[in-house]
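The values are calculated or read from the model by the stated rules, or taken from the named source; none is laboratory data. Just so you know, these numbers come straight off a predicted model, no measurement behind them. Positions of Cβ are generated from backbone atoms using ideal geometry, with glycine treated the same way; all protein chains shown enter the neighbour counts. What goes into the accessible areas is simple: the full protein's heavy atoms, side chains included, and nothing from ligands, DNA or RNA. Shrake-Rupley method; radii C 1.70, N 1.55, O 1.52, S 1.80 Å.
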Protein chains: 4
Amino acid sequence: MNNTAILLIDCPDRKGLVATVSGLLYEHGANIIHADQHQDHEAGLFFMRVEWALEDFDVEAFRSRFTPIAANLQMDWRLELSSTVTRVAIFVSQYLHCYADLLYRYKAGELACEIPLIVSNHPGGLALAEFHGIPFHHVEIGPDGKTGAAGKAEAERRQTELLEEQRIDLIVLARYMQILSPEFVSRFPNRIINVHHSFLPAFVGAKPYHRAFERGVKLIGSTSHYVTEVLDDGPIIEQDVTRISHRDQLEDLIEKGRDLERVVLSRAVRWRLAHRILSYGSKTVVFD
Amino acid sequence: MNNTAILLIDCPDRKGLVATVSGLLYEHGANIIHADQHQDHEAGLFFMRVEWALEDFDVEAFRSRFTPIAANLQMDWRLELSSTVTRVAIFVSQYLHCYADLLYRYKAGELACEIPLIVSNHPGGLALAEFHGIPFHHVEIGPDGKTGAAGKAEAERRQTELLEEQRIDLIVLARYMQILSPEFVSRFPNRIINVHHSFLPAFVGAKPYHRAFERGVKLIGSTSHYVTEVLDDGPIIEQDVTRISHRDQLEDLIEKGRDLERVVLSRAVRWRLAHRILSYGSKTVVFD
Amino acid sequence: MNNTAILLIDCPDRKGLVATVSGLLYEHGANIIHADQHQDHEAGLFFMRVEWALEDFDVEAFRSRFTPIAANLQMDWRLELSSTVTRVAIFVSQYLHCYADLLYRYKAGELACEIPLIVSNHPGGLALAEFHGIPFHHVEIGPDGKTGAAGKAEAERRQTELLEEQRIDLIVLARYMQILSPEFVSRFPNRIINVHHSFLPAFVGAKPYHRAFERGVKLIGSTSHYVTEVLDDGPIIEQDVTRISHRDQLEDLIEKGRDLERVVLSRAVRWRLAHRILSYGSKTVVFD
Amino acid sequence: MNNTAILLIDCPDRKGLVATVSGLLYEHGANIIHADQHQDHEAGLFFMRVEWALEDFDVEAFRSRFTPIAANLQMDWRLELSSTVTRVAIFVSQYLHCYADLLYRYKAGELACEIPLIVSNHPGGLALAEFHGIPFHHVEIGPDGKTGAAGKAEAERRQTELLEEQRIDLIVLARYMQILSPEFVSRFPNRIINVHHSFLPAFVGAKPYHRAFERGVKLIGSTSHYVTEVLDDGPIIEQDVTRISHRDQLEDLIEKGRDLERVVLSRAVRWRLAHRILSYGSKTVVFD
């Protein structure tokens, strides 16, 4: 990977936005590698992602020139440097397929991040964490967990502590089977990615494969999305489906679904790490 | 196509079913062309489809031998002859893409049926019907149609008359935009096929593309299903999806969806005409 | 559709291209609706497509400012106006599914073009042409056609005459079963779109479904591409596949393939009409 | 998993085959769990797979009754017991994604086999083998390997020794980058599964992603197949594709391809372990 800067912009649409941004970058000598923009005509919004090489480019000079211009144009913006590595925590429970997949990709160099923290409410993932040399924290959630009482609150307090200690930027729920409290979620806006094992909005909530099987669908799906305070309702990042038939029993759905979940979650994580996702309302723009 | 017989069976599962059916067919000299069976282990059900050539085969002799045996094994069964052509009515409204597609396939010989009747609550499909030489009946539905009162009742009375006159076996709703009354539906069990423009059970009801667009999904779908008294809840025959992105506006969803709808509906019709679908509960077995 | 202008650019990559183009458009008051660019880093090439509304925009003033700048930057460029309707000829033979599909889409308003000419070496497509009110020319190709001798030369002379009379911009080969001579092809660079019934480069040449069936593939495909002088070797515009199994006989491949061909060809035509395709070497950039 | 028997049959088609087999099984009290058959009408061949529970079933009595009947009907057949676990060797080189995927699935219980042997011409896979507790043999291939001389012959001698010591039933080439000699291949008919990183027959041979990138295809694929003496020409078991665009550079093809390869290879292995594949000529029947 080269050393690059990425500018992400989200603002009201108006004439001249591309000219302004690209002109300013040109003045500062930027060698643009990728540029993409999108307009949501209905919402009147403009989105842009530009990536450029940092050779002979003074980031701070650009930043100070750009800041007042962006303010003037009511831009929400972030300037990311590829040299600043995102710090990721993985949350997992007893199903390890997404977790094992992410760890393999991480080790193979597919995920441009650090993973200094794994949190689980089950001990099953420990061996893999040790193999990859990543600290694994077994944070148990008491029997009151499901009812939202002290067990979960205490667990989330401990989780938050760990996340802060490790200065985590992004939480990936790799089939983590606990519902996070609204308080917890609100602390990490657009910073928690979950995988749900259905093509949302079908089969929101528990046991989607069981319900897909009962309904007799001919496709099963998987969805990765940002977590918001409403269950399975956050902005969708990626979805995919696979064909099933009457020959597939419930266990076949679960098995075929696992392959979907791994791919759909890992794509979302990879895109997030490349700063390719902008979310607004219940939607995402995923720049390719 | 050859002259064949097709036996469709649905019964409680037990040992010896395949042996019994295939033994009996062998005794009668059947030359089996296709045979397929399926067991739903959870429901304890057995499904079978056998197709054989009718050369040197005495259908009536077989039928009289088979009838008491089938009764004994609690079989629901049908014996279909490829020489008995299914009579199909198409119902359509203002969107003509599925309708035009079905008529083209019919003319090109892809659909092994007769289409002696087209019913529409709009006049738009008339020219195509005339081009293909098929009687087109414009059955208007009054302004009270939506509220379930006299307008629709009168229209359905007229539709039923037409269906009976033409001895229709199968009704295909090619984006027919009226909800059929439970009374009408109950008269044609497993004999009405609809296409819904979403991957059910997501976006049941009206304006699924609008809702898909608002939700920000990354796939749109289409579903063909048997119509039951509960809206968009009948046994699913076929589903397919296509990928969309943030670049797709509502009109792009509608345009991409049309291609899905055509394919998903025509597959269902083709399979039905080949007597390849068995439905039970909310599910279908589609033999390939 | 709105009244828009579309600028397509293809040039050596260098700093400041986006800034130059977008700056110039801004100066002229363009309200940009879509903008997209692409860099082929390996080939050192830059591609851009910008579309803007023509209200209060002086196209000719822009054109005269832009021309010398583009020359300076070694740009290949075209400025297309949505008000200038592309004139399309369809070439067809005995298989009518793509042809019927294109005519239906044309009539339904999906294809932003005029179709003033149909050319066929078979009479089968006449009825549909008449139904849609489009002149149909049956240009027979003699028995020497296959060997490249006088029959084809004479036919191509007649075809060229018809194309010139009708000032055709784009030729769509809708399963036209004759190989065009290199002379004919060279007269219409990037202006002939063909559909080949395989996922190229597999099964170049004749009878791809037969060969796919013999090879025992598990997917069949379809490819739309620009025609060049080398058979089935032009820049690919779109491809798609569908799954088959051992149960599918040759006729099933042909039937399933028809649905692919229709979709893959019509997408290519639609994108071409929207000026979304740039081709270079054996590749295309298809802006979405 | 239950304790079951699986009968696989391949023979000339004739009347009464299903009746004969199912009748015999019924006489012996078999409780059939799955049964499937297929006829290749063109080749005049019949294929069958039946699976039944072994409770109260005398396998040897059935085998001795069935053997002469099968001989009489010119059947090729195998009777497999789910209790006899297939012994698998994995061959791998420097690319570890398929290898890691298979080992994960093995550990997670998705693959009903034993893996007592890993062979590699690179040392890179050692750590994963140790983590999973599987003997890893680094069999180097000398610089003459590519030219087919002594280095490869010696390596294959050593590999054969290891395969025999471990009584291996199935060899899985998980991106093993050496071409096996015809002598080696002929020793393991239908017992070597390879994954090729293209949708065969496109891009046979080396560097398929490079060639796909140069050709400008819009889909990339992956194929799992039995290895025969002709390179990349064996019976195809499974294929899948994924969409790419002009935005995807060569490294993106390689990255997207990895996910395809893993899924396509693991499906083939799973089906083989379930005795669901019959191969004939260049084709496979894969019973689902």
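Residue by residue through region A:186-202, which ³J(HN,Hα) values in whole Hz follow from phi under the Karplus form 6.51 cos²θ - 1.76 cosθ + 1.60 (θ = phi - 60°), with glycine and proline marked x? Once rounded to whole Hz, the list reads 5, 6, 10, x, 6, 10, 10, 10, 10, 10, 10, 8, 7, 7, 4, x, 6.
In this assembly of identical copies, the label point of D:Lys15 (Cα plus 7 Å along Cα-to-Cβ) is separated from its counterparts by 2.9, 8.4, 8.5 nm, sorted shortest first. Between D:Val230 and D:Glu183, the contour length at 0.36 nm per residue exceeds the alpha carbon distance by 15.7 nm. The mean number of Cβ atoms from other chains found within 10 Å of a Cβ in peptide D:243-249 is 5, as a whole number.
Quote the relative contact order of region D:20-82 in percent (integer), defining contacts as alpha-carbon pairs under 8 Å separated by 6+ residues.
RCO, region D:20-82: 28 percent.
Among the residues of D:255-264, the average count of other protein chain beta-carbon atoms within 10 Å of the residue beta-carbon is 3. In chain C, the DSSP-assigned H stretches of four residues or longer account for a calculated mean residue ellipticity at 222 nm of -10500 deg cm²/dmol, using -39500 (n - 2.57) per stretch and the full residue count as denominator. Only aspartates and glutamates eight or more places from C:Lys15 in sequence, or on another chain, were considered; those with a Cα closer than 19 Å are A:Glu27, A:Asp36, A:Glu51, A:Glu55, A:Asp56, A:Asp58, C:Asp36, C:Asp40, C:Glu42, C:Asp76.
Accessible surface of A:Phe46, taken over heavy atoms with a 1.4 Å probe and every protein chain present, rounds to 10 Å².
About the Cα centre of the protein assembly as shown, how large is the charge dipole given +1 on each Lys and Arg Cβ and -1 on each Asp and Glu Cβ? Please answer in debye to the nearest 20.
Details: 124 positive and 156 negative charges, 0 e Å.
Dipole of the protein assembly as shown, to the nearest 20 debye: 0 debye.
Order of C:50-58, B:32-40 by packing, highest average Cβ count within 10 Å first? Let's see the in-between values first.
Numbers: C:50-58: 16.4, B:32-40: 20.0.
Per-residue mean Cβ counts within 10 Å order the peptides as B:32-40, C:50-58.
So which of C:Lys283/D:Lys283; A:Lys107/D:Lys218; C:Lys218/D:Lys152; A:Lys256/B:Lys218 end up more than 27 Å apart, counting from Cα to Cα? Flagged as over cut-off: C:Lys283/D:Lys283; A:Lys107/D:Lys218; C:Lys218/D:Lys152.
Between D:Glu80 and A:Gln166, the distance separating the two model label sites (each 7 Å from Cα on the Cα→Cβ line) works out to 4.2 nm.
Note on B:Ala108/B:Asn3: beta-carbon distance plugged into 1/(1 + (r/R0)^6) with R0 of 25 Å gives a FRET efficiency of 0.70.
Starting from the label point of D:Ala108 at 7 Å along Cα→Cβ, the same points in the other copies fall at 1.3, 4.1, 4.1 nm, in ascending order.
For chain B, modelled as a GNM whose springs connect Cα atoms under 10 angstrom apart, the maximal fluctuation among B:Ala70, B:Ala43, B:Ala206 occurs at B:Ala43.
Within 10 Å of each Cβ in A:200-207, how many Cβ atoms from other chains are there, averaged over the peptide?
Values: counts 5, 8, 9, 2, 1, 0, 0, 0.
Across A:200-207, the average partner-chain Cβ count within 10 Å equals 3.
Among residues of chain C, the one whose Cβ lies closest to the rotation axis carrying chain C onto chain B, together with that distance rounded to whole Å, is C:Phe131, 2. Structural descriptor for region C:188-288: relative contact order 28 percent, calculated from alpha carbon pairs under 8 angstrom and at least 6 residues apart.
Looking at region D:86-286, what % of its DSSP beta bridges pair antiparallel, to the nearest 5? Walk me through the numbers on the way to the answer.
On the way: 15 of 32 bridges.
So the antiparallel bridges amount to about 45 percent of the total.
When you restrict to C-alpha pairs under 8 Å that are six or more residues apart and normalise by the size of chain B, the relative contact order lands at 15 percent. Here is how far apart the D:Gln249 label points are across copies: 3.3, 4.9, 5.1 nm, shortest first, using a point 7 Å from Cα toward Cβ. Dimensions of region A:4-81 based on its C-alpha atoms, expressed as ranges along the principal axes with the largest first, amount to 39, 24, 19 Å.
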